[in-house]
Amino acid sequence: LISSAAQNAKAGQSPIKPRVAVFTGSGGSYYVAGTESFLADVVRTCGGTPVGPTGKVFAPMSIEALVQADPEIVLISEKGTQVISDPRLASISAVRAKPTARVYEVAPGILLRTGPRVKELIESLSNTIQQVRQSNGAKG
């Protein structure tokens, strides 16, 4: 099931590869999945470009580094509203997106655990990335 979801995700890829950050944490401290992690591999499989610290685990990332990375999509295992309402992140593309921000809450059991539910994450993220591609294409 997971391999078929991955094949479907790869089938619709284009040269447009939105920047995707995977967050966890709360209270204004953000831990971001490393660019060598399993979640980064999922992002790449779905046609995105993972942004975050170098490494295989979640690590703290400064607000300045997050703003510089400028993710177009944010996946978070906690309350997404904290990212949207954090004034320090107001300039990142995921928060500025119109008509609605592209900050998505994903159940921790899907986002943070490997296993059969990864299929749901791949399918959902692939659809989200496709929507961002279409949105970006419409602007250019």
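The values are calculated or read from the model by the stated rules, or taken from the named source; none is laboratory data. Predicted model only: the values in this text are computed from it and were never measured. Every residue, glycine among them, receives a Cβ derived from its backbone with ideal geometry; neighbour counts consider all protein chains shown.
Any idea which residue in the range 70-94 is nearest to the chain's Cα centre (by Cα), counting only those that are of a type in the set (A, V, I, L, M, F, W, C) and surrounded by fewer than 18 Cβ atoms within 10 Å (Cβ to Cβ)?
Result: ILE84.
Restricting attention to the range 1-52, which residues are part of a loop (DSSP other than H, G, I, E, B), at pLDDT 90 or above, touching a helix residue (DSSP H, G or I) at 6+ places or on another chain (Cβ under 8 Å) and farther than 20 Å from ALA97 by Cβ?
GLY34
Name the single residue that is farthest from ALA101 (Cα to Cα) among those in the range 70-85 being in contact with a Ser or Thr (Cβ under 8 Å, 6 or more places away or on another chain) and of a type outside the set (D, E, K, R).
It comes out as SER77.
Scan VAL83, VAL51 and give me the residue that is under 13 Å from VAL20 (Cα atoms) and of a type outside the set (S, T, N, Q).
So the residue among VAL83, VAL51 that is under 13 Å from VAL20 (Cα atoms) and of a type outside the set (S, T, N, Q) is VAL51.
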